[in-house]
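Working notes for the structure below.
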Amino acid sequence: YLTGDKIILAEKPIATRPRPSAHSVSKYTDFINANKKDINEYIKDLFRQYDHIVLCERWHPECTQYDMIYDLVTTQYFADSISNVFTEIGNVEKREDFSLLTATPFPSDSLREKAVASFIIDSQTVWLIWSNTNWFNFLKKMSEFNHERKKPVNILFTDILWTDYNRLSERDSIMASNIINTIHSDSIQKSLIIMNYRHAFMMGRNCGAYLQKAFPGKVANVLLNAFRPNICQIPSAIRQGKWDVAAEETGKDRFAIDFQNSPFGDDPFDLSPIISWTTQKDVTYKEMFNGMIYCTLPAQQYAGDGFPYLSLIHI
């Protein structure tokens, strides 16, 4: 609503902020046209330089991001050569339970859906009910993908139990410790780590910062195009919508770019309204992220809540 998207401008122009002009975003458009990369190839290239890649997830319920993540982690390269996905969502103590669910042969799709629904309720963390549709769809598809594979793509949950809610202030360090300990104990060489918003930041007291300290120079983080909250948690567009308009001007809505030596990376960081999350007041995007995956224009993003058999589960 606050991004100045063309659809909103046409329907209710008086209620929107000014839309950046094509001329004002030409440097971004030119950079995308000259430097855009395929998303999967970009991540593959990053893994040649780094051992662990943190993906900064956008608002939790948005669905199209998990379609992209599923496509990425089920590519032949990732499934065969990386095969480890740490997720903020999910109780760290329920990893083996998901492996058992994956190994179980279900005679019907509905029985698999019931099992996944039961698992999600049973693996709740600081959120007592995680009803986002994208998580259900992702786990269901991953259980199907992994079912007959000799080498599964490991889905490694990292979050704390809901009964540990009084330890919420330590949550980032706990999630990071769960990741670091697993990397060491399981001799994991490469991994993708999905963290939401500030938890991916490699500054401040965030999970990404703890990971960078544990593996200096071996961790990259990638921004997924997102809205930014202000101090009142009202969403607006990154860089006043210039990045989104530039993407529209190219006619591309799925690409990846590096932030080094780019106008995107040179822009002042405005994703976070809270300085303590970065520990620095004036930073640029290239100081916060290695690059960006741009996947789906804002007008095509959508949230999903609920999934099959959720109402049948008794907590």
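For Lys286, list the aspartates and glutamates whose Cα falls under 15 Å from its own Cα; do not include residues on the same chain fewer than 8 positions away.
Cα-Cα hits under 15 Å: Asp258, Asp266, Asp267, Asp270.
Taking H as built 1.01 Å from N, whose amide H comes closer than 5 Å to the amide H of Gly304, not counting residues under 5 places away?
Cys63, Thr133, Asn134
Mind grabbing the base-10 log of I(q)/I(0) for segment 101-232 at q = 0.12, 0.19 Å⁻¹? Debye formula, identical points on the C-alpha positions, no solvent, two decimal places.
-0.59, -1.30
If the cut-off is 18 Å between C-alpha atoms, which aspartates and glutamates fall inside it for Lys140, apart from same-chain ones fewer than 8 positions away?
Glu62, Asp67, Asp71, Glu88, Glu96, Asp97, Asp109, Glu113, Asp122, Glu148, Asp305
What does the net charge come to around Ala209 if you take all other residues with beta carbon closer than 11 Å to its beta carbon, with K and R at +1 and D and E at -1?
Once positives and negatives cancel, what remains is +2.
Size of the dipole of the chain about the Cα centre, Lys and Arg at +1 and Asp and Glu at -1 on the beta carbon, nothing else charged, in debye to 20? Present the calculation step by step, with values, prior to reporting the outcome.
Numbers: 33 positive and 37 negative charges, 74 e Å.
For the chain, the charge dipole is close to 360 debye.
Keeping all protein chains in place and using 1.4 angstrom, which order do Arg205, Arg149, Arg167 fall into by accessible surface area, from largest down?
Reading off the accessible areas and sorting them downward yields Arg205, Arg167, Arg149.
So who's got an amide H within less than 5 Å of the one on Phe201, skipping anything under 5 residues away but keeping other chains? H placed 1.01 Å off N, in plane.
The answer is Gly208.
Decide, for segment 77-134, between rounded, prolate and oblate: order the square roots of the alpha carbon gyration tensor eigenvalues as a ≥ b ≥ c, take rounded if a/c falls under 1.5, and otherwise choose prolate if a/b is larger than b/c, else oblate.
Oblate.
Run the dipole for segment 115-156 about the Cα centre, Lys and Arg Cβ at +1, Asp and Glu Cβ at -1, nothing else charged, and hand back the magnitude in debye, nearest 20. Present the calculation step by step, with values, prior to reporting the outcome.
Working: 5 positive and 3 negative charges, 45 e Å.
That gives a dipole near 220 debye.
When the helices in the chain are scored as -39500 (n - 2.57) per DSSP H run of 4 or longer and the sum is shared across all residues, what 222 nm value do you end up with, to the nearest 500 deg cm²/dmol?
-10500 deg cm²/dmol
If you count only protein heavy atoms and use a 1.4 Å probe, how large is the accessible surface of His184, to the nearest 10 Å²?
Only protein atoms counted, so the area is about 120 Å².
Determine the shape class of segment 191-273: with a ≥ b ≥ c the square roots of the Cα gyration tensor eigenvalues, call it rounded for a/c under 1.5, and otherwise prolate if a/b is greater than b/c, oblate otherwise.
It is oblate, given that a/c is not under 1.5 and a/b is not larger than b/c.
Quick check on my link table: of Lys190/Lys218; Lys114/Lys151; Lys37/Lys141; Lys27/Lys218, which ones sit more than 21 Å apart, alpha carbon to alpha carbon?
Pairs exceeding 21 Å: Lys114/Lys151; Lys37/Lys141; Lys27/Lys218.
Write down the accessible area per residue of the chain in Å², having rolled a 1.4 Å probe over the full set of protein chains.
46
Could you bin all the Cα-Cα distances of segment 174-315 into 5 Å bins starting at 0 and give me the percent of pairs in each, rounded to whole numbers?
Reading upward from the zero bin: 2, 8, 16, 19, 17, 14, 12, 8, 3, 1, 0.
Take the alpha carbon gyration tensor of segment 29-140, find the square roots of its eigenvalues, order them as a ≥ b ≥ c, and report rounded if a/c is under 1.5; if not, report prolate when a/b exceeds b/c, else oblate.
Values: a/c = 2.06, a/b = 1.78, b/c = 1.16.
In terms of gyration-tensor shape, prolate.
Taking N as the number of residues in the chain, what is its alpha-carbon radius of gyration divided by 2.2 N^0.38 Å?
This ratio for the chain stands at 1.00.
The values are calculated or read from the model by the stated rules, or taken from the named source; none is laboratory data. This is a predicted model, so every value here is computed, not measured. Backbone-built Cβ (ideal geometry, glycine too); neighbour counts: all protein chains shown. All accessible areas refer to the heavy atoms of the entire protein, side chains included, with ligands and DNA or RNA removed. Shrake-Rupley method; radii C 1.70, N 1.55, O 1.52, S 1.80 Å.
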